[in-house]
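Read the structure below first, then the notes.
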Amino acid sequence: MTREKLGTLILESERQLYATAKTILFHDEDCADAIQETIVKAFSKIETLRNDKYVKTWLMRILINECYTILRTAGKTVLLEEPYEKTSMEIEDMVDYSDLYKAVNSLKEELRLPVILYYAEGFQIREISRILEITEGAVQKRLARARMKLRNSLSESEE
């Protein structure tokens with residue numbers, strides 16, 4: 001794969017990269033950092049890609065590893081100033097979540113990530129198994145457990 005093709009793919013996958021990072025990190029600043037590091041690593045390690053067919057899977061695996069690195073170092077960070085406080089207008093704009101979005105976000109990460117990759121990002125089970133480095137059966141089982149939890153959660157919220 002050439003650097004130009006990789007650059008084009010990254011631009012086309014921008015939304016997918018962000019959505020995947022957001023399922024792990026939650027803060028936009030951390031997501032941006034993870035995506036930036038992913039892009040740098042992808043370009044510097046492009047020669048390690050064995051098969052161009054799996055470039056998206058490879059890119060997502062790098063992203064997930066970067067997200068976990070940020071999570072590990074987040075507990076070691078000391079704030080030197082007060083965090084930015086959002087205005088009431090910004091908060092009103094942000095609170096437009098659906099029940100489904102809330103239910104998906106309430107899932108444990110091991111269930112939430114396959115759901116996002118499968119339903120929101122359109123990855124196949126085989127690709128998800130490569131990204132998460134688990135078996136295809138484990139992906140299917142996690143998706144089934146997530147669907148059951150979502151069904152229960154959404155039916156409770158309707159009552």
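The values are calculated or read from the model by the stated rules, or taken from the named source; none is laboratory data. None of the values given here were measured: they were computed from a predicted structure. Methodologically, a virtual Cβ is constructed for each residue, glycine included, from the backbone with ideal geometry; neighbour enumeration extends over all protein chains shown. Keep in mind that these areas ignore ligands, DNA and RNA; they rest on the heavy atoms of the full protein, side chains included. Shrake-Rupley method; radii C 1.70, N 1.55, O 1.52, S 1.80 Å.
In table form, for the structure just shown:
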{"item": "Which numbered condition SER88 misses (of (1) at pLDDT below 85; (2) open to solvent by less than 80 Å² (accessible area, probe 1.4 Å); (3) of a type in the set (Gly, Ala, Ser))", "result": "(2)"}
{"item": "Considering residues of the range 54-85 that are modelled with pLDDT under 85 and among the hydrophobic types (A, V, I, L, M, F, W, C) only, the residue most open to solvent (accessible area, probe 1.4 Å)", "result": "LEU80"}
{"item": "Residues of the range 2-26 classified as without any contact (Cβ under 8 Å) to a residue 40 or more places away in the chain and assigned to a loop (DSSP other than H, G, I, E, B), total", "result": "2"}
{"item": "Of the criteria (1) in contact with a Phe, Trp or Tyr (Cβ under 9 Å, 6 or more places away or on another chain); (2) modelled with pLDDT under 90; (3) over 20 Å from ILE116 (Cβ atoms); (4) open to solvent by less than 70 Å² (accessible area, probe 1.4 Å), which one ILE24 fails", "result": "(3)"}
{"item": "The range 41-53 - residue that is outside any loop (DSSP other than H, G, I, E, B) and loosely packed, with under 12 Cβ neighbours inside 10 Å and, of those, farthest from the chain's Cα centre (by Cα)", "result": "GLU47"}
{"item": "Some residue of the range 13-20 being open to solvent by 50 Å² or more (accessible area, probe 1.4 Å), closer than 17 Å to ILE128 by Cα and either among the hydroxyl-bearing types (Ser, Thr, Tyr) or touching a His at 6+ places or on another chain (Cβ under 7 Å) (or both)", "result": "yes"}
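The rows are residues; the columns are (1) open to solvent by 30 Å² or more (accessible area, probe 1.4 Å); (2) touching a Ser or Thr at 6+ places or on another chain (Cβ under 6 Å); (3) of a type outside the set (Gly, Ala, Ser); (4) at pLDDT 90 or above.
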residue: MET94; (1), (2), (3), (4): yes, no, yes, no
residue: VAL104; (1), (2), (3), (4): no, no, yes, no
residue: LEU117; (1), (2), (3), (4): no, no, yes, no
residue: PHE123; (1), (2), (3), (4): no, no, yes, no
residue: ARG126; (1), (2), (3), (4): yes, no, yes, yes
residue: GLU133; (1), (2), (3), (4): yes, no, yes, yes
residue: ALA144; (1), (2), (3), (4): yes, no, no, yes
residue: LYS149; (1), (2), (3), (4): yes, no, yes, yes
